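**Student:** Pasting a structure here, questions to come.
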Amino acid sequence: MKRHVIRSQDFTPEFLARIFDRADQFRRMMEHPAESKKLKKRLKGRLINVLFYEPSTRTMASFVDGAHHLGATVFCTADAGLTSSTVKGETFAHTIRMFNGYRPDVLVVRHKEEGRLAEGALLLNKIGSRTHLINAGDGPGQHPTQALLDVYTLHQQLGSVDGVKIMMGGDLLNGRTVRSLAYLLSKYKDVHITFAAPKQLQIGSDILRHLDEHCTEYTCVGEDFRNLLPAQHAVYWTRLQLERIVHEDIETQKKQREELARIQKDCFCIDAAEMALMRPDAILMHPLPINNEVREISLVAEDDPRCVIFLQAENGMYVRMALLDMLVNG
Amino acid sequence: MKRHVIRSQDFTPEFLARIFDRADQFRRMMEHPAESKKLKKRLKGRLINVLFYEPSTRTMASFVDGAHHLGATVFCTADAGLTSSTVKGETFAHTIRMFNGYRPDVLVVRHKEEGRLAEGALLLNKIGSRTHLINAGDGPGQHPTQALLDVYTLHQQLGSVDGVKIMMGGDLLNGRTVRSLAYLLSKYKDVHITFAAPKQLQIGSDILRHLDEHCTEYTCVGEDFRNLLPAQHAVYWTRLQLERIVHEDIETQKKQREELARIQKDCFCIDAAEMALMRPDAILMHPLPINNEVREISLVAEDDPRCVIFLQAENGMYVRMALLDMLVNG
Amino acid sequence: MKRHVIRSQDFTPEFLARIFDRADQFRRMMEHPAESKKLKKRLKGRLINVLFYEPSTRTMASFVDGAHHLGATVFCTADAGLTSSTVKGETFAHTIRMFNGYRPDVLVVRHKEEGRLAEGALLLNKIGSRTHLINAGDGPGQHPTQALLDVYTLHQQLGSVDGVKIMMGGDLLNGRTVRSLAYLLSKYKDVHITFAAPKQLQIGSDILRHLDEHCTEYTCVGEDFRNLLPAQHAVYWTRLQLERIVHEDIETQKKQREELARIQKDCFCIDAAEMALMRPDAILMHPLPINNEVREISLVAEDDPRCVIFLQAENGMYVRMALLDMLVNG
């Protein structure tokens, strides 16, 4: 197991099996008051620092609440980009190095720019730090703990990840959860991924290359994705990442955003008709948040028993607890 | 006792008596180091999540500090509207449901929109949640823990709430504290409320209807409120809620705000002259903050021994501690 | 020892010696897991409230992480100016008085306006508060805990502060760290300070007067500061405080900022050439953050073994831990 958690490619199948076992165990313990008290000893006296440069509720809250359930102490700053020394022109390397000096056991960071977290990990290794760094999302880059919870949910709901047929749909270009999940799935046997998206938002060629190299089968489709729904064990849908569609001309940007929102609304939503095409034992996933204007998963689909989106969110806490625990306690 | 704390109407007189006893007890314990240590055991191992979508210092800090004095662990996010998934179009129902999955014992929420907290409570009941929800203010709606601390202060300072004559003045239309307090006072015997406000800011007819139904006497007055000051046991003054006066035309909005600020400054402030009209054993209350530009309670009035505004703020912490303790420990 | 920590002038040499000893002790203890566990008992059950009206990472994080290492509980609000009652027109005196009612053991505050913290301390004394107030920076005023960590670093690196020759350079007008450090150095024997800055940013006459009164020798220089570098035991460089250069005309403000940035870039940076002029046993300090656009300390200088800027930042945590511990435990 590596010292830092930066890219989902770095997880080994053995590591994944161990972390899922531990997440299972923590979930069971949390359901019994006497057992949940014991959990509080696991990170007792440990200090976690959580530093977010981009908005988040889910990832931040699940890390902080999870750390608290394990008895850790947490310092958490939610808008590091606004209130921190960043506004005074500080580099991220300096911020990381400074936090290292305050001796947290784990440093959880979300950053706007792809690759920053990898730089941070190199720096910490170079100076012989004892702090573990976790990437909680680096811009359009990766979000490895999201991938962990997604694969954990597949494992939990379908019994196994090997042999899974999964369709990923929505904004595959800008959504880092899809990227991280594809990397992670390539570690399993006989997985087939169908990427369903409008042309402008299809998955990047770097991911396809990675899947080729790892002999993971995939198909790319557009509006005709419905034909393939009956074959899937899991359908993983995503929100249009409007905030990542940026153009220097505000009018053009607005038009581009509206155009894409219209395409998703018209052709790339999961509603009753799509649910009807899915297998009775399939599951519907979404990393959340769902955009209530677009409703890429309709209210009807959300209420279907095959929709496991809230369980998936809950799993996020257990898998992050397991990760913190494994980094600190081994 | 209900599972969630959403509206002040829901408090029973028995509940109020119990919570005031406990607040008294906690206050006494906090004054002795040895006793305050014992307090730390009451919520030991418990997790409180505090989620604020609107600015606040007082309510947030008193919940968090109070929870800490009881030994709880707290995750607190102060600007949920800016840094959370709300900016990505998430509904409040999804946010609540997600937080439920992280298993906090209590979820304290301030929201911009009236009624959201009631929806949240219904949702939590529907899904069989074990989390308690507390409304820490829902826009122009209610602020039940503020009402609790106000009635607690009346009880503490006047010996009893039955038979109290109280004048509420200032911005009665937009101030949710006045609304929640009026609801709560209607549960006591022989209370008389005088509502003193400019016409545009008088108390809403829904409150008056509620008082009629509960046989609580009231009087509505304007600038001539001074005549009635000598009869009051308590004078409860409030700040002009300028931030709730919104008009699509910025110029008009500015004018409306200035006009109302002028009216409050000229006719609806408590200064030396008003204090002179009050009984020697009367008390002057204010939910704070006082607007230092308008000074609806002047510096002279603030220094009068009958002014209990800081004690009132302090009571806010004790009553919130008692509430958290009763929800969790019964 | 005073009850509150507001100005660096108030520290006595005895206090400084004691706090440095304790910081040394805490650093040693933090390096051994068994010892660091013992540290957690020192502020166990204590509540620290941290209230920041201006952006900061370093000062805030070092206070919070330090308090956590000592076992304290912390409530921390990072943008008090935006999310707090300040936006509703509340005075700082009311905010302080309210927080006092919530009974924190220590209240750490950073404020925009010079002198506010001194007012707060007077108020707390007047009302007989048991809360300790620490100034974590009051606008262009002071930053006494920064001065503490700077002198601690001199003491630690040079063996003694008496007899030290130090050059302070950069923005001496707007940088409060330089002001606070100069005050503190005047308490030691045979110190010589060289102030190196462009005319517009030279040190204020109030500081020079203070040094005269305390018989501390000083020299003021401009671009020719390099001649004096070989004589220094310590070189303390600072960032141009662009955010404090404010003009009502945005264009003029922009020009003024660019002009000063250009002057610092051209004439007042520490690069390889300047390092070459420094003694082999001299140290290079900076309160951080370094502005990466201006690079007042170049990457080459930063990598020089004589550059102790990250150690200095780390010392910030130990000295703040020692301060919290001394205020609470004596």
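The values are calculated or read from the model by the stated rules, or taken from the named source; none is laboratory data. Since the model is a prediction, treat every value here as computed from it, not as a measurement. Reconstructed Cβ throughout: ideal geometry from the backbone, glycine too, with neighbour counts over all protein chains shown. Remember, those area values only see protein heavy atoms, side chains included, never the ligands or the DNA or RNA. Shrake-Rupley method; radii C 1.70, N 1.55, O 1.52, S 1.80 Å.
**Student:** Helix B:13-30 sits at what angle to the longest principal axis of chain B, using alpha carbons and giving 0 to 90 degrees rounded to 10?
**Tutor:** 80 degrees
**Student:** Quote the FRET efficiency, to the nearest 0.05, computed for residue C:24 versus residue B:311 with a Förster distance R0 of 35 Å and r equal to the Cβ-Cβ distance.
**Tutor:** Efficiency, rounded to the nearest 0.05: 0.20.
**Student:** Modelling each spin label as a point 7 Å along the Cα-to-Cβ direction, I'd like the residue B:35/residue A:112 distance in nm, to one decimal.
**Tutor:** The modelled label-to-label distance comes out at 5.2 nm.
**Student:** In terms of Cα to Cα distance under 20 Å, which aspartates and glutamates are near enough to residue A:255, apart from those fewer than 8 places away along the same chain?
**Tutor:** A:171, A:243, A:266, A:293, A:296
**Student:** Give the distance, in whole Å, between the Cα centre of the stretch B:197-250 and the Cα centre of the stretch C:189-244.
**Tutor:** A separation of 61 Å, based on Cα centres.
**Student:** Going by a ≥ b ≥ c, the root eigenvalues of the Cα gyration tensor, does the stretch B:1-70 fall in the rounded group (a/c under 1.5), the prolate group (a/b larger than b/c) or the oblate group? Please report the intermediate quantities before stating the final value.
**Tutor:** Numbers: a/c = 1.84, a/b = 1.16, b/c = 1.58.
In terms of gyration-tensor shape, oblate.
**Student:** Let me know the shape class of the stretch C:1-153, please: from the alpha-carbon gyration tensor, a ≥ b ≥ c as square roots of the eigenvalues, rounded when a/c is under 1.5, otherwise prolate if a/b is greater than b/c, or oblate.
**Tutor:** The shape class here is prolate.
**Student:** To check my understanding: the extent here is largest minus smallest coordinate of the Cα atoms along each principal axis. What are those three numbers for the stretch B:178-330, in Å, largest first?
**Tutor:** So the extents along the principal axes, rounded to whole Å, are 52, 39, 31.
**Student:** Please average, across the residues of B:281-292, the number of beta carbons from any other chain that are within 10 Å of each residue's own beta carbon, and give a whole number.
**Tutor:** 3
**Student:** So, one more: Just to be sure I understand the model, the point goes 7 Å from the Cα along the line to the Cβ. What's the resulting residue C:2 to residue C:329 distance in nm?
**Tutor:** Placing both labels 7 Å along Cα→Cβ, they lie 2.4 nm apart.
**Student:** Once you have the Cα-Cα distance between residue B:14 and residue B:210, take 0.36 nm times their residue separation minus that, and quote the gain in nm to one decimal.
**Tutor:** Result: 68.5 nm gained on full extension.
**Student:** Could you state how much accessible area is buried at the A-C interface, both sides summed, with a 1.4 Å probe, in Å² to the nearest 100?
**Tutor:** The A and C chains share an interface burying roughly 2600 Å².
**Student:** Report, ordered by chain and residue number, the lysines lying within cross-link reach of residue C:41, taken as a straight Cα distance under 19 Å and ignoring same-chain residues fewer than 8 apart.
**Tutor:** Residue C:41 reaches A:40, A:41, A:44, B:37, B:38, B:40, B:41, B:44.
**Student:** Roughly how compact is the stretch B:64-187, stated as its Cα Rg over 2.2 N^0.38 Å to two decimals?
**Tutor:** 1.22
**Student:** What nm value, rounded to one decimal, do you get for the distance between residue B:249 and residue C:127 when each label is placed 7 Å out toward the C-beta?
**Tutor:** 4.4 nm
**Student:** Sticking with this one: Helix A:116-126 versus the longest principal axis of chain A: what angle, 0 to 90°, nearest 10, using Cα atoms?
**Tutor:** Once rounded, one gets 30 degrees.
**Student:** Give the Rg (one decimal place) followed by the Dmax (whole number) of chain A, computed from C-alpha coordinates and expressed in Å.
**Tutor:** 19.8, 58
**Student:** Oh, and also: What ranking do B:107-116, C:271-280 get when scored by the average of other Cβ atoms within 10 Å per residue, highest first? Kindly include the intermediate steps, with their values, before the conclusion.
**Tutor:** Working: B:107-116: 20.2, C:271-280: 14.9.
In descending order of packing, they fall as B:107-116, C:271-280.
**Student:** Can you list, shortest first in nanometers, how far residue B:214 lies from the same residue in the other copies, with each label 7 Å from Cα toward Cβ?
**Tutor:** 6.2, 6.2
**Student:** Percent of Cα-Cα pairs per 20 Å bin, from 0 to the last occupied bin, for the protein assembly as shown, please list those.
**Tutor:** Taking every Cα pair in the protein assembly as shown, the percentages come to 13, 40, 36, 11, 0.
**Student:** Using alpha carbons only, how many angstrom separate the centre of the stretch C:251-330 from the centre of the stretch C:98-112?
**Tutor:** Measuring centre to centre over Cα atoms gives 30 Å.
**Student:** What average count of beta carbons from other chains do you get within 10 Å of the Cβ of residues in C:50-58?
**Tutor:** Averaged over the peptide's residues, the number is 5.
**Student:** For the stretch C:257-321, what does the alpha-carbon gyration tensor say about shape, rounded, prolate or oblate, given a ≥ b ≥ c as the root eigenvalues, a/c under 1.5 as rounded, and a/b over b/c as prolate?
**Tutor:** oblate
**Student:** Also, quick follow-up: Could you state the angle between the C-alpha long axis of helix B:58-69 and the longest principal axis of the C-alpha atoms of chain B, as a value from 0 to 90 degrees rounded to the nearest 10?
**Tutor:** Tilt of helix B:58-69: around 40 degrees.
**Student:** Next question, about the same structure. For peptide C:90-100, what's the mean number of Cβ atoms from other chains within 10 Å of each residue's Cβ?
**Tutor:** The shielding value for this peptide is 5.
**Student:** Let me ask something else about it. Under a 10 Å cutoff between Cα atoms, tell me which one of B:136, B:234, B:34 has the largest fluctuation in the Gaussian network model of chain B.
**Tutor:** Answer for the Gaussian network model of chain B: B:34.
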